[in-house]
1. Going through segment 86-132, which GluC sites (Glu not before Pro) have at most 10 other Cβ atoms within 10 Å and a DSSP loop state?
2. Considering only DSSP beta bridges where both residues belong to segment 175-225, give the percentage that are antiparallel (nearest 5).
3. Quickly work out the Phe206-to-Ala139 label distance, labels modelled 7 Å from Cα along the C-beta direction, and quote it in nm with one decimal.
4. Tell me, in nm to one decimal, what length is gained between Arg158 and Asn109 on full extension, where the rule is 0.36 nm per residue of separation less the Cα-Cα distance?
5. Sorting Ser105, Ser65, Ser144 on the 10 Å Cβ count, fewest up front, what's the list?
Amino acid sequence: PSFSKNDDRIAYSALTTNDEEVVAGINLAQNKITGTGNPFAMIMNAKWPVYFASGERDLGLAPVSDFTADYKSGNAPLEVKYFDLSANDPATWKWTFEGGVPATSAKQNPYVVYNAPGTYRVILETRNEFGVNAITREAYITVSVPTGINGKSAGAFRVYPNPAGELLNIECETDFSFRLFDLKGEIILTGINTRQIGLSGIEPGFYILEMTAGNIVRRQKLLKK
C-alpha cells in the first residue's frame, strides 16, 4: 500500500485466488487513518492477506501562533509569565514585548517584567520546517501606578509558582477569597484568606483561578504540572 499526506485514502492492489486483480481502499479521516483495534482481512479470498491499518499522517502544517499570560494587568513593577499555546509543533519562538524587560525572548514560556505604567503590545512569531506564523495583540498588558501602603493597593494579588506543582502561593495584603475552576466551569477548590493551596489531588492541566478582595475580582489561568 502507499499514500501521501494529500491522499484521502490508502489503495491496495491484490490478486484473488482466481488471479483476478482487485483494488481495496481504506478511507482516511481528518489527519488520521480511520479505525482502531486489531487488524482484519479486507479481501477474504486474496492470495496474500490484505489488512486494515491504523496510524497517523504527517500533514506538514505550519504553526498557528497563540499565547496567554498569568497577569494582563497590575501595578508596576508587574511580573508576567507567558505561556505558548501555539498549534502544530513550532520549533522556535520569537517574542517581542513592548515596554518589557527583556524586550525580546526566544524561550517558549518566558518571564517579563514591566517597570513603567502604560499599555503594551505583545507579538509572538513561531516557526517550524513547514512555515512561519505571527500573532500581535495590541494593548495586551496594562500596568498601573502603584498606590496604597508599600506601593500595593487592596486587591493586588501575587500568585506563584505558575506553572504550579503540589503547592500554590497567594499573596494579598487584604482579606480575600478564591475559587478554582476547571475549563468546563466547575468549581474545584474554594477558600478564604488561604495563602497556600494544596494541589496534590488535582489532575495536571489548565485551570482558572478567581480571586476576590472587596469589589475587586481577578481571574487568571493556572497550569498544574
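Just so it is clear, none of the values below were taken in a lab; they were calculated from the coordinates. Quick caveat: nothing in here was measured; it's all calculated off a predicted structure. All Cβ positions, even for glycine, are placed from backbone atoms using ideal geometry, and neighbour counts span all protein chains on display.
1. On the way: sites: Glu98, Glu125, Glu129; in loops: Glu98, Glu129.
Listed in order of number, the matching sites are Glu129.
2. Numbers: 19 of 19 bridges.
Antiparallel bridges make up about 100 percent of those DSSP assigns within segment 175-225.
3. Roughly 2.3 nm, to one decimal.
4. On the way: separation 49, 0.36 × 49 = 17.64 nm, distance 1.85 nm.
So the chain would gain 15.8 nm between Arg158 and Asn109.
5. On the way: Ser105 18, Ser65 23, Ser144 14.
So the ranking, lowest neighbour count to highest, is Ser144, Ser105, Ser65.
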